[in-house]
Amino acid sequence: MNQTIETILDHRSIRSFTDQPLTKEEIRLLVESAQGASTSSYIQAYSIIGVTEQSKKRKLAALAGDQPYVEKNGHLFVFCIDLFRHHKIAREKGEDIQASLEGTEIFMVGLIDAALAAQNMAVAAESMGLGICYIGGIRNNLEKVCELLETPEYVLPLFGLVVGHPANRSAKKPRLPLEHVYHENTYSLDQEDFHKALTDYDKTISSYYENRTNGKRTDQWTEQITRHLKQSQRTYLNQFVKEKGFNKS
């Protein structure tokens, strides 16, 4: 096992940071690392907005569900799907790419490009001794987020990534059993193995929460995820995304 793999396997979300901001050199290295990620057909359909104004970070923290670490961190990055530059290039060249811009395929390309870039940044940050946490909560109210960040047409914020110097390190959260994630040749549907692996995982997660909270919490993963998915999340997004010109066909 090499140092890169050790860094990846040691990941945990950090939600408490010191007041030390990232340096310009650290920010540059992280953005360059993000840009080093694979991109479908070289389209590079994403942009990153760094938020340094404390008032904006405070507003984004409120929009994201009053998460204090969105405001208090070393740096806040917001990853966006970005087809604005592609739209502008096509107009300047007198070409019509509207059908592509509105298609599901290019929307997925932008989502995947942004996610790959963000994960490259996350690994780079952790390799530098920094902590990270993804912020999906900015999708709670994308209309206000777009207004706050002044995003043009064909640019849509997807998620945030806070990076900084950890004030403390949380425990590493156990992942699903490998057998539940990795399948060979066909998708495994063995019900006995399926339920046994989940039962064992539930015990692992229950023990994790019990140790982390001194017995105040002992819920299992299957309980937690079912409870979460029983409630529809951010149902406005389908229409909002279409209004922004994405994923229409």
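All of the numbers you see were taken from the coordinates with simple rules; none came from a lab. All values derive from a computational prediction rather than experimental measurement. Note that we place each Cβ from the backbone using ideal geometry, even for glycine, and neighbour counts take in every protein chain shown.
Summed over qualifying helices (DSSP H, 4 residues or more, each -39500 (n - 2.57)) and divided by its residue number, the chain shows a 222 nm mean residue ellipticity of -14000 deg cm²/dmol. Per-residue extension of 0.36 nm, minus the Cα-Cα distance of Gln54 and His228, leaves a gain of 59.5 nm for this segment. Couplings 3J(HN,Hα) for the stretch 61-71, derived from phi with the Karplus relation 6.51 cos²θ - 1.76 cosθ + 1.60 (θ = phi - 60°), are 4, 5, 5, 7, x, 6, 8, x, 6, 6, 8 Hz, where x marks Gly and Pro. When the Cα positions of Thr204, Tyr182, Asn214 are compared along the charge dipole of the stretch 178-218, Asn214 comes out farthest toward the positive end, with charges on each C-beta of Lys, Arg, Asp and Glu.
The chymotrypsin sites (Phe, Trp or Tyr not before Pro) of the stretch 166-249 meeting both criteria, a DSSP state outside H, G, I, E and B (loop) and at most 13 other C-beta atoms within 10 angstrom of the site's C-beta, are Tyr182, Tyr187, Tyr236.
When Lys and Arg each count +1 and Asp and Glu each count -1, what net charge do the other residues less than 12 Å away from Ala167, Cβ to Cβ, add up to?
Working: positive: Arg15, Lys72, Arg169; negative: Asp19.
In short, +2.
Find how many whole Å separate the alpha carbon centroid of the stretch 78-150 from the alpha carbon centroid of the stretch 176-220. Answer, in whole Å: 32.
Which whole number in µm²/s is D for the chain by Stokes-Einstein, with the Kirkwood Rh taken over Cα pairs at 25 °C and 0.890 mPa s?
Numbers: Rh = 20.3 Å.
In µm²/s, the coefficient is 121.
Between His11 and His183, the simple label model (points 7 Å from Cα in the Cβ direction) yields a spacing of 2.2 nm. Net charge of the neighbourhood of Gly136, taken over other residues with C-beta under 15 Å away and scored Lys/Arg +1, Asp/Glu -1, is +2.
When the chain is fully extended, how far beyond the present Cα-Cα distance does Asp193 get from Glu92, taking 0.36 nm per residue of separation?
Details: separation 101, 0.36 × 101 = 36.36 nm, distance 5.73 nm.
Stretched out fully, the Asp193 to Glu92 stretch lengthens by 30.6 nm.
Sites listed here are trypsin sites (Lys or Arg not before Pro) in the stretch 35-139 whose DSSP assignment is loop and whose Cβ has at most 14 other Cβ atoms within 10 Å: Lys93. Which log10 I(q)/I(0) values, to two decimals, does the stretch 178-218 give at q = 0.19, 0.30 Å⁻¹ under the Debye formula with one point per Cα? The calculated log intensity ratios at q = 0.19, 0.30 Å⁻¹ are -0.62, -0.94. In sequence order, the stretch 170-186 has phi-based couplings of 6, 5, 6, 8, x, 9, 4, x, 3, 5, 8, 10, 9, 10, 10, 6, 9 Hz under the Karplus curve 6.51 cos²θ - 1.76 cosθ + 1.60, θ = phi - 60°, and Gly or Pro positions carry x. Packing, as the average of other Cβ atoms within 10 Å across residues, places the peptides 149-156, 47-54 in the order 149-156, 47-54, highest first. Based on Cα atoms of the stretch 65-139, Rg over Rh with Rh as the Kirkwood radius reads 1.10. Positive contributions from Lys and Arg (+1) and negative ones from Asp and Glu (-1), summed over other residues with Cβ under 12 Å from the Cβ of Leu9, come out at 0.
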